[in-house]
């Protein structure tokens with residue numbers, strides 16, 4: 001029995017080994033087939049990878065070629081250059097005023113006009129015998145056609161300094177002022193808003209062309225009119241800003257009297273400090289008197305009503321008898 005069982009066990013083991021070998025052979029065939037399939041498809045994959053690699057190389061080549069140029073330009077950039085200064089000056093709106101003492105108003109006006117024409121400027125306004133500008137006239141000044149005149153001219157901004165220097169030779173300079181304002185930020189902002197508004201207007205026009213309903217057409221026309229008016233307002237604002245940069249106004253005051261125009265006061269000194277302190281004292285006193293004058297009616301009313309009440313309460317108050325002193 002033992003031998004029979006041993007033979008059966010050996011047969012079972014042998015069958016198991018044969019089954020294992022058979023499974024291994026099948027797995028080998030499947031792997032061979034799959035490897036063959038992958039080998040067959042590998043040329044296409046290799047072509048796509050190669051083409052992708054070439055595309056990547058072709059895409060990277062310009063950027064790598066352009067990067068040195070950027071680095072070179074960035075390293076050679078100078079924060080303060082002549083171009084930067086010129087760009088900043090291109091956005092300055094400049095204006096000036098000058099007061100002159102002359103011998104003859106008519107001759108001085110003729111010289112001013114000649115200087116304006118030489119600088120390719122224009123005369124904006126001319127007032128002879130009237131004071132319409134900002135020149136500080138003295139209280140005793142006599143404004144007549146032969147003693148006082150005002151002319152406002154406009155010249156290119158590049159000619160402003162030269163024109164002021166030439167006007168100084170017309171007479172004796174009493175006072176001269178100049179100012180400038182940087183409007184570059186306003187120009188950039190207005191330009192950006194103008195471009196956005198133009199796109200918006202074109203978009204509404206496109207909607208209006210495609211509209212079929214009457215209500216939609218009416219609403220779109222109203223919206224287009226509103227945006228068109230906003231666009232025109234921005235265009236006018238931008239033109240005004242650019243005009244203030246391109247040209248500079250000069251206000252010229254002419255007088256034949258020595259004290260007709262107040263001269264520029266000194267900005268430092270004992271007398272200036274004394275005058276400033278006296279002005280502050282008188283201003284403070286004026287404020288104090290103003291407050292007192294405002295409170296005086298209320299104080300009078302309180303006194304009129306309060307005094308009778310105080311007198312009545314005082315009469316009703318009991319009088320304490322004086323203590324008696326016993327004789328010793």
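Annotations for the structure displayed:
- Among the candidates 114, 96, the residue that is modelled with pLDDT of 90 or more, in the same structural domain as residue 256 (by TED's automatic domain parsing) and surrounded by fewer than 13 Cβ atoms within 10 Å (Cβ to Cβ) is uniquely 114.
- Matching residues, segment 166-199, being without any contact (Cβ under 8 Å) to a residue 24 or more places away in the chain and either over 33 Å from the mean Cα position of the chain (by Cα) or outside any helix (DSSP H, G or I) (or both): 169
- Residue within segment 272-283 that is on the phi < 0 side of the Ramachandran plot, in a helix (DSSP H, G or I) and touching a strand residue (DSSP E or B) at 6+ places or on another chain (Cβ under 7 Å) present: no
The values are calculated or read from the model by the stated rules, or taken from the named source; none is laboratory data. Predicted model only: the values in this text are computed from it and were never measured. Using ideal geometry, Cβ is built from the backbone for each residue, glycine included, and neighbour counts are taken over all protein chains shown.
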